[in-house]
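Written out below as structure tokens is the structure these notes cover.
The values are calculated or read from the model by the stated rules, or taken from the named source; none is laboratory data. Source: prediction; values computed, not measured. Reconstructed Cβ throughout: ideal geometry from the backbone, glycine too, with neighbour counts over all protein chains shown.
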Amino acid sequence: MTPTVPLFLLLLGLIGAQATFDQRMAAAMAAGLCKARPTDLVFIVDSSRSVRPSEFEQVKVFLANVINGLNVGPNATRVGVVNYASRVKNEVSMKTHRTKTALVKAVSKIEPLSTGTMTGSAIQFALNVAFSEAEGARAKSPDVSKVAIIVTDGRPQDNVKDVAQRARDAGIEIFAIGVGRVDMTTLRQMASEPLDDHVDYVESYSVIEKLTKKFQEAFCVSDLCATGDHDCQQVCISTPGSYKCACKDGFTLKDDGRTCSAPCGNAAIDAVFVIDGSKSVRPENFELVKKWINQIIDKLEVSEKNAHVGLVQYSSTVNTEFPLGRYNNKKDLKEAVKKMDYMERGTMTGMALRHTVDNVFNNARPGVQKVAIVFTDGRSQDYIGDAAKKAKELGLKMYAVGVGNALESELKQIASEPIGDHYFYTADFKAMSEIAKKLQINKCEDPCECDSLVKFQKKVEDALQALNKKYILYESMSKRIALLENKIV
């Protein structure tokens, strides 16, 4: 075993006492920092026969909640509602209701159509009619946003890909919300880029109201630097409705536009995700897991010299989805994660750990901090103790993340010391984004010091390898001398 020098803590725990969304929004409102950006907004709502009447009532409550969070008015946000099933109906026109009270009342009177699911026709109708100036929409302008929010729970009976592309090309930003057994591929075909921001999934209509805050935030233009709602590492500079990042004297803004580096750079890292793809995860939750992986990747400085990322998926078997160093930019890396197919079957966590150590980290770079992030949603069907112990003895920094029926005792067995900083658990897949916020690479306060530590570790490893070679050579020479002595005797 080659000893390694601990360099720095990675994937920190909770980042201080960061304000919640509600606190940030309240602070922005109180300070007058949150203003309505002129927006033409159209809800496109599925009321096909698969949506029960009680569920459709919950959709209307969601619409009313979003509307109540908007600054409604002729010069602010104008709202329309398109209802569809096998046919399409313009329930609320942007020219008809100009106050929240009138809009909410009109929404409450909408009745489900209860036939098929012609989502493509509904998008085309919104493009041709609901967003037309004749129905109260404003002329196309860089000062006015055009937004469509689609809510659906099934697979469309017509084509949505081409018509959604035409709508996006016309300047309409599309958010796609899927419920229950919705077809996730269809949601991605409809939504605007980046898909992570424009595609949402809920398991049932009973929890759709949880998305209300997201859309209230989307229509709030605030001084993000003043509210603290930004991700600049050092300096935040306000711009109208947005912000840009800068660096302190002596530091340089990196290509990601958020973080800063001193001339000597930052330490590198080799990180491997070890992901449970067993049947208990379920397809819709597996999509959330992939989104969670990409949230963490967003926090890394992926490049040939800095962060390398590998991905292993396991169930009853183990598969290296891609090895360390195959992708040297975030875009290609995140696309590879999105393309990962769901395995299903059993949960052989011990086998996955052994595979990761023996077949993935064997190609890691010498002198680089090595990190494994292990995710599981249930009890392992094989023994994990020996594999977890070996990984930590070889110098891997082990993080264990559990959801649902995962055993905390197994998570703690996998996690590095101090265990409280290296294992995380949540009962709900939807809360994984909060864990992603806690898992963050710890960049050194002094990047030059980081570089020095890594160089020192590399020298130590080289010296140990040289000693090992000398020992092998010495042992070989000793055997030869012994053989010669035997012949002389």
Out of the residues in the range 377-395 that are outside any helix (DSSP H, G or I) and touching a helix residue (DSSP H, G or I) at 6+ places or on another chain (Cβ under 6 Å), state the one that is farthest from residue 412 (Cα to Cα). 382
Checking the structure you have, find out if any residue of the range 129-144 is over 17 Å from residue 40 (Cβ atoms) and free of Cβ contacts under 8 Å to residues at least 40 places away in the same chain. no
Could you go through the range 18-36 and let me know if any residue there is modelled with pLDDT of 95 or more and part of a strand (DSSP E or B). no
Out of 132, 141, 204, which single residue is surrounded by fewer than 18 Cβ atoms within 10 Å (Cβ to Cβ) and within 20 Å of residue 58 (Cβ to Cβ)? 204
Would it be correct to say that residue 127 is in contact with a Phe, Trp or Tyr (Cβ under 7 Å, 6 or more places away or on another chain) and either part of a loop (DSSP other than H, G, I, E, B) or not aromatic (Phe, Trp, Tyr) (or both)? no
Since residue 272 meets every condition but one in (1) closer than 26 Å to residue 387 by Cα; (2) modelled with pLDDT of 90 or more; (3) in contact with a strand residue (DSSP E or B) (Cβ under 8 Å, 6 or more places away or on another chain); (4) surrounded by fewer than 20 Cβ atoms within 10 Å (Cβ to Cβ), which condition does it not meet? (4)
Within the range 275-314, the residues that are surrounded by fewer than 18 Cβ atoms within 10 Å (Cβ to Cβ) and either in a strand (DSSP E or B) or without any contact (Cβ under 8 Å) to a residue 12 or more places away in the chain (or both) are 282
Criterion: surrounded by fewer than 17 Cβ atoms within 10 Å (Cβ to Cβ), touching a residue at least 24 places away in the same chain (Cβ under 8 Å) and within 17 Å of residue 50 (Cβ to Cβ) - qualifying residue of 114, 108: 114
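Residue-wise test of (1) among the hydroxyl-bearing types (Ser, Thr, Tyr); (2) in contact with a His (Cβ under 6 Å, 6 or more places away or on another chain).
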| site | (1), (2) |
| --- | --- |
| 286 | no, no |
| 289 | no, no |
| 294 | no, no |
| 307 | no, no |
| 310 | no, no |
| 314 | yes, no |
| 318 | no, yes |
| 322 | no, no |
| 326 | no, no |
Within the range 130-160, how many residues turn out to be part of a loop (DSSP other than H, G, I, E, B) and acidic (Asp, Glu)? 3
Would you confirm whether any residue within the range 240-248 is surrounded by 20 or more Cβ atoms within 10 Å (Cβ to Cβ), at pLDDT 95 or above and outside any helix (DSSP H, G or I)? no
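Can you tell me which residue is modelled with the highest pLDDT among those in the range 211-227 that are farther than 21 Å from residue 173 by Cα and in a helix (DSSP H, G or I)?
Within the range 211-227, the match that is modelled with the highest pLDDT is 225.
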Matching residues, the range 328-353, being farther than 18 Å from residue 309 by Cα and assigned to a helix (DSSP H, G or I): 349, 350, 351
Output yes when any residue across the range 66-81 is under 28 Å from the mean Cα position of the chain (by Cα), modelled with pLDDT under 95 and either of a type in the set (D, E, K, R) or over 21 Å from residue 130 (Cα atoms) (or both), and no when none is. yes
Say whether the condition of being among the hydroxyl-bearing types (Ser, Thr, Tyr), more than 27 Å from residue 204 (Cα to Cα) and in contact with a strand residue (DSSP E or B) (Cβ under 6 Å, 6 or more places away or on another chain) is met by at least one residue in the range 142-149. yes
Taking the range 161-179 only, how many residues are touching an Asp or Glu at 6+ places or on another chain (Cβ under 9 Å) and in a helix (DSSP H, G or I)? 1
